[in-house]
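The block underneath contains the structure these notes are about, expressed in structure tokens.
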Amino acid sequence: MFHNNGLIGRAHAFRVFDGDALLVVAEDSKPEGAPTVEAWQPHVTGRIAEVGLPCDHYDLSLPEMLARVWAATSTWLGPEEGGAEG
């Protein structure tokens, strides 16, 4: 698996994402100089919103953090995209 991932990674051609994006940040382990919304802007044509979560990077997959990610994503998408009402 690691070998295959390396092959895929080396063959990947980076492109600009055409659309809006939601940046999910693990606030408890955010290192000094970590990428910000501004750092991501050259890679995204649309707007970038940020949501911070009170956890470290490895805890983002915990059920309670995933629930927060889902709630933030639903709010960010809004009702026209199938997210939360108004």
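No lab work stands behind these numbers, since they all come straight from the coordinates. These figures come from a predicted structure and were not determined experimentally. Positions of Cβ are backbone-derived with ideal geometry, glycine not excepted, and every protein chain shown enters the neighbour counts.
Points to keep in mind about this one:
- ³J(HN,Hα), Karplus 6.51/-1.76/1.60, whole Hz, each residue of region 6-11, x for Gly, Pro: x, 5, 5, x, 5, 8
- Between helix 63-77 and the chain: long-axis angle, C-alpha atoms, 0 to 90°, nearest 10: 70 degrees
- Other-chain or far-sequence residues with amide H under 5 Å of Leu23's (modelled H): Ala49, Glu50, Val51
- Computed from point charges on the beta carbon alone (+1 for Lys and Arg, -1 for Asp and Glu), the dipole magnitude for the chain about its Cα centre is near 420 Debye.
- Karplus-based coupling profile of region 44-52, in residue order and whole Hz: 9, 6, x, 7, 10, 9, 10, 10, x, with θ = phi - 60° in 6.51 cos²θ - 1.76 cosθ + 1.60 and x standing for Gly or Pro.
- Farthest toward positive dipole pole in region 15-81 [+1 Lys/Arg, -1 Asp/Glu at C-beta], among Ser61, Ser74, Trp40: Trp40
- Within the chain, the chymotrypsin sites (Phe, Trp or Tyr not before Pro) that combine a DSSP coil assignment with at most 11 other C-beta atoms in a 10 angstrom radius are Phe14.
- Answer label for Cα extents along the principal axes in Å (calculated), chosen among (i) 43, 28, 22; (ii) 45, 26, 15; (iii) 44, 29, 28: (iii)
- Burial ordering of Arg15, Arg68, fewest other beta-carbon atoms within 10 Å first: Arg15, Arg68
- Take the Cα of Ala39, step 7 Å toward its Cβ, do the same at His12, and the gap between the two points is 1.6 nm.
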